[in-house]
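Please read the structure below before turning to the comments.
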Amino acid sequence: MKQRIAIIGHGTVGKALYAQLQNLPNIEVVKVAVKHPAKHRELSRNILTDDVNSILDRVDIQVILEAIDDTDAAFAYAKKTLSEGKTYITASKKMVAASISALHEMEARFGGRLLYEAAVGGAIPVLRTLREHLAGEEIIRIRGIVNGTCNYILTRMGEDDLPFAKALAEAQQRGFAESDPTSDIDGWDSYYKSIILARAAFGDKPEISKVKWHGIREVGLADVHAAAKVNEKIKLVADIKHTNQRVSIDIRPTLLGSADPLYHIDRELNGIIIEGRYAGQLLLQGSGAGGNATASAMVGDLYNAPKAPQSIVRKLLLSVN
Ligand SMILES: NC(=O)c1ccc[n+]([C@@H]2O[C@H](COP(=O)([O-])OP(=O)(O)OC[C@H]3O[C@@H](n4cnc5c(N)ncnc54)[C@H](OP(=O)(O)O)[C@@H]3O)[C@@H](O)[C@H]2O)c1
């Protein structure tokens, strides 16, 4: 029998997700919820809805995949899904970063699952690597380029002498930057991802003692040229360290020499170095954003979520007691 699922959002990520799921024989997308159905005439009326709650109330849909740009709504949908012991798979990094503890508490209380690999590093399986492959490892530090938009802008400034504004316009034209790129270029996006990484690496409620962040707005062509003269590059690097039981997060434009593995991560790529006490340094790199890369991580979460419909199991257990 096919697994019946629903998607909330049919934008850059949602569309790619819908297309990828059409290729999977054991999955049936029963509903797609959006805000403005009139924009989405390519979807059949049976599938399309703007009534998210009607989807969340359905017992036959135990897994919801969400990629929307409304943080408050995403939080409300996540809470409702988890409170019914169902599985919620999301790409909404801001929502996850803001509410990560509350959502995991609901997960533990009601037996649902919350998965958000897509929220950090696009297709790069960094959260699962931390939680599963490095489960027993003592993580010391995570350092990475986690924002593809900034990396694209800085790379293009260096490659073709493009001023910041032109490089940004090019990133927007090529679909790497949103029409409002503030969250990317001012470092907020890297901050949300750092919070999520810190939790995956350093425990459920890491004590974050110091947070500093700067975006790339102030970086000019003269800075990029000066770096190139000494064979260095400027990149927006997030540095998350664990020392003396405390976690610090420092995000800033950083000068990197060619011996640094992050020096070679260019354009829209992301690169994340995980440093473990015994494992040493591991570098994960790949496509950090974009519809297909992000949707790929969500499909991975779908396959890694427990197959048993949690709420039905819970209801059975309750009826036995
Ligand atoms: N784009 C990326 O590369 C990327 C990468 C990683 C994570 N993300 C995250 O993924 C999420 C989606 O990003 P996106 O780029 O796909 O955004 P997008 O292209 O702007 O699409 C947003 C979608 O959300 C729908 N929507 C908004 N509010 C809604 C609500 N209250 N209920 C139901 N649907 C609602 C919109 O419906 P209408 O179409 O009807 O307006 C639209 O289909 C964001 O949280 C983003 O941070 C994106």
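The values are calculated or read from the model by the stated rules, or taken from the named source; none is laboratory data. Every value quoted in this text rests on a predicted model; they were computed, and no experiment measured them. As a convention, Cβ positions derive from the backbone with ideal geometry for all residues, glycine included, and neighbour counts pool all protein chains shown.
Odds and ends about this structure:
- Residue satisfying condition, being in contact with a Gly (Cβ under 9 Å, 6 or more places away or on another chain), in contact (Cβ under 8 Å) with a residue 24 or more places away in the chain and under 23 Å from ALA91 (Cα atoms), within set LYS233, LYS193: LYS193
- Restricted to the range 65-75, and to residues there that are assigned to a helix (DSSP H, G or I) and aliphatic (A, V, I, L, M), the residue that is nearest to the ligand (Cβ to nearest atom) is ALA73.
- Scan of the range 188-220 for residues that are more than 24 Å from THR129 (Cβ to Cβ) and either in a loop (DSSP other than H, G, I, E, B) or within 14 Å of the ligand (Cβ to nearest atom) (or both), ordered by number: TRP188, HIS214, GLY215, ILE216, ARG217, GLU218, VAL219, GLY220
- Any hit, the range 56-78, residues being within 25 Å of the chain's Cα centre (by Cα) and basic (Lys, Arg): no
- Residue match in the range 85-105 (condition: of a type outside the set (Phe, Trp, Tyr), out of contact with any helix residue (DSSP H, G or I) (no Cβ under 9 Å at 6 or more places or on another chain) and within 15 Å of the ligand (Cβ to nearest atom)): no
- Count - residues of the range 262-307 that are in a loop (DSSP other than H, G, I, E, B) and either within 13 Å of the chain's Cα centre (by Cα) or more than 13 Å from the ligand (Cβ to nearest atom) (or both): 12
- Residue match in the range 76-91 (condition: buried (at least 24 other Cβ atoms within 10 Å of the Cβ) and in a loop (DSSP other than H, G, I, E, B)): yes
- Answer residue from the range 159-217, given it is closer than 24 Å to GLU232 by Cβ and of a type in the set (Val, Ile, Thr) and is surrounded by the most Cβ atoms within 10 Å (Cβ to Cβ) among those: ILE216
- Pairs with Cβ under 6 Å, 6+ apart, first in the range 42-64 and assigned to a loop (DSSP other than H, G, I, E, B), second at pLDDT below 95 and away from the ligand (no atom under 11 Å from the Cβ): GLN62/PRO309
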